[in-house]
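Encoded as structure tokens, the structure appears first; notes follow it.
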């Protein structure tokens, strides 16, 4: 399959991949990659203290706001979780971070922790399937953008309440999609262990 989806001279941003009606398998094939759907042995860091305060904040937010759009999900759930992760790992978060590799790998990343190779994509329309396609493309772009030599690049796609991880095996050029999903606030501790583990491991 050559240039049936991605046309020479026609730019395609990360967010536009979300709208494409093609399967993730076909999109990744045009980018010279494949996808594997299987459990991933994600890094984990045991928590040293309680998440009670964050859990209470998330439950309060869910009680007080309807998650009707991306901004609501970002402010009520995604932001508080990522800021807590950043605080516990002493990292900085880049929001709406611009990456330009070429005409087919360009756009802004919702959340990117630079130097530690973690991308988080907020799934538009709460669609994790298409959101993962966007995440996969962003990881492929990050592979060419970053100077880091780590073998795996990690990412997550989320609706705020539902999180799913993936990673890019840079040598094999394979996107791995984890089959596990983390529901918030029920699986908050497990989610935090993975997010912190990725940052501590990189």
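For the reader, a short list of remarks on this structure follows.
- For the chain, adding -39500 (n - 2.57) for each run of n ≥ 4 DSSP H residues and dividing by the number of residues yields -11000 deg cm²/dmol at 222 nm.
- Nearest 10 degrees, 0 to 90: helix 52-64 Cα axis against the chain principal axis: 80 degrees
- Summary value for the range 117-202: 27 percent relative contact order, contacts being C-alpha pairs under 8 angstrom separated by 6+ residues.
- Whole-Å distance, taken between Cα centres, linking the range 3-56 and the range 137-202: 8 Å
- For the range 152-201: rounded, prolate or oblate by the Cα gyration tensor [a/c cutoff 1.5]: oblate
- Relative to the longest principal axis of the Cα atoms of the chain, the long axis of helix 188-201 lies at roughly 60 degrees.
- Anisotropy class of the range 48-136 from Cα gyration tensor, a/c 1.5 cut: oblate
- C-alpha long axis of helix 79-89 to longest principal axis of the chain, angle in °: 80 degrees
- Relative contact order of the chain, pairs being alpha-carbon contacts under 8 Å that are 6 or more residues apart, as %: 27 percent
- Of 105, 67, 51, the one that fluctuates the most in a GNM where the chain has Cα springs shorter than 10 Å: 51
- Shape category assigned to the range 14-201 from the gyration tensor of Cα positions, a/c cut at 1.5: prolate
Any read-out appearing in this document is the output of simple, stated calculations on the displayed coordinates, not a laboratory observation. Here the structure is a predicted model, which is why all the values come from computation and not from measurement.
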